[in-house]
Amino acid sequence: MSVVPVPAVRPGTLHRVPEPVPEPVVEAVGVTVVDDVAVATPEMEPIRIIGWPDPIIDRLGYDPRSLYVETFWLGILGPTCTWLMRRFAAGLDDNPDGFDLDRADTARALGLGDRSGRQSPFRRALARCVTFEMARPAGPTTLAVRRRIPPMPRRHLQRLPVSLQDRHAQWMTPVRSSPALEEARRNARRLALALLASDNTRPEVELQLVRWQVHPAIAHEAAQWAWAYRAHEASAGRPA
């Protein structure tokens, strides 16, 4: 059997294969997004929270503290991200122009401790808000967050248990207009106004209406209407 000689390799003929260049990284307010996946950066300085205006979602979406979000979005966003969105909503209710969030204090308030590092529970929850487009960086130390959470997209809805999918279908089923429906809407609005006058919050009003067997869609609309009505009356200087 003949042996085929292997040619000698001359110095300088081997070239080092370059390392793959990572995708551009966008860093802001403690959130890093790589390949559309948000991870956390080490900083824990306070950040500025402002609203994320969206005419469509602001009209069709749900308050982060609403029964809809607790029922359907909780299993997708996760408990910590959901609680963060609730905190953001409450803060923006009190400070519509924005407010400063102390991340260390907020993490401890949510029971997450003050552990630092890229994998700390608080930073992962903050990054999850960005990943699911509930928030977005708006500057080196500013985070814009949604005041309303959108209706559940089909791709996320399919991840929920079948029982919740069926409940969501019932929730979103439009009720046909009729004299009885219009009367139900008027009654729901009157009840919502009375509940707000008793110092209930908007999410509490919606939840109580659902407990009183008001259709979830009507309960949501009535709570929104009552809140807007009282805000209008207050701005006009008239007692609500």
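The values are calculated or read from the model by the stated rules, or taken from the named source; none is laboratory data. Remember, predicted model here, so these are calculated numbers, not experimental data. Here Cβ is always computed from backbone atoms with ideal geometry, including for glycine, and neighbour counts include all displayed protein chains.
When you check Pro151 against the structure, is it in contact with a Leu (Cβ under 8 Å, 6 or more places away or on another chain) and not β-branched (Val, Ile, Thr), yes or no? Working first, answer last.
Values: in contact with a Leu (Cβ under 8 Å, 6 or more places away or on another chain): yes; not β-branched (Val, Ile, Thr): yes.
Taking the combined requirement at face value, the residue satisfies it.
Annotation: of all residues in the stretch 72-82 being of a type outside the set (A, V, I, L, M) and without any contact (Cβ under 8 Å) to a residue 40 or more places away in the chain, the one that is surrounded by the most Cβ atoms within 10 Å (Cβ to Cβ) is Thr82.
Counting only residues that are touching a Phe, Trp or Tyr at 6+ places or on another chain (Cβ under 9 Å) and closer than 22 Å to Asp93 by Cα, how many does the stretch 206-224 have? Quick ask: steps written out before the conclusion?
We begin by selecting, within the stretch 206-224, every residue touching a Phe, Trp or Tyr at 6+ places or on another chain (Cβ under 9 Å); these are 206, 215-217, 219-220.
Keeping just the survivors that are closer than 22 Å to Asp93 by Cα gives 206, 219-220.
Of the residues in that region, 3 qualify.
Conditions (1) at positive phi; (2) at pLDDT below 90; (3) hydroxyl-bearing (Ser, Thr, Tyr), marked per residue:
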site	(1), (2), (3)
Thr82	no, no, yes
Ala89	no, no, no
Arg103	no, yes, no
Gly113	yes, yes, no
Glu133	yes, no, no
Thr141	no, yes, yes
Arg159	no, no, no
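Going through (1) at pLDDT below 80; (2) assigned by TED's automatic domain parsing to the domain that holds Pro55 one by one, Ala231 falls short only on (2).
Matching residues to (1) crowded, with 16+ Cβ neighbours inside 10 Å; (2) of a type in the set (Val, Ile, Thr); (3) in contact with a strand residue (DSSP E or B) (Cβ under 9 Å, 6 or more places away or on another chain):
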| residue | (1), (2), (3) |
| --- | --- |
| Pro137 | yes, no, yes |
| Thr141 | no, yes, yes |
| Ala169 | no, no, no |
| Pro179 | no, no, no |
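Within the stretch 143-167, being farther than 12 Å from Asp54 by Cα and outside any helix (DSSP H, G or I) holds for Leu143, Pro151, Met152, Pro153, Gln158, Arg159, Leu160, Pro161. Taking the stretch 115-131 as the range and being modelled with pLDDT of 90 or more and surrounded by fewer than 20 Cβ atoms within 10 Å (Cβ to Cβ) as the test, only Thr131 passes.
When Arg147, Arg108 are screened for being assigned by TED's automatic domain parsing to the domain that holds Gly61 and touching a residue at least 12 places away in the same chain (Cβ under 8 Å), only Arg147 passes.
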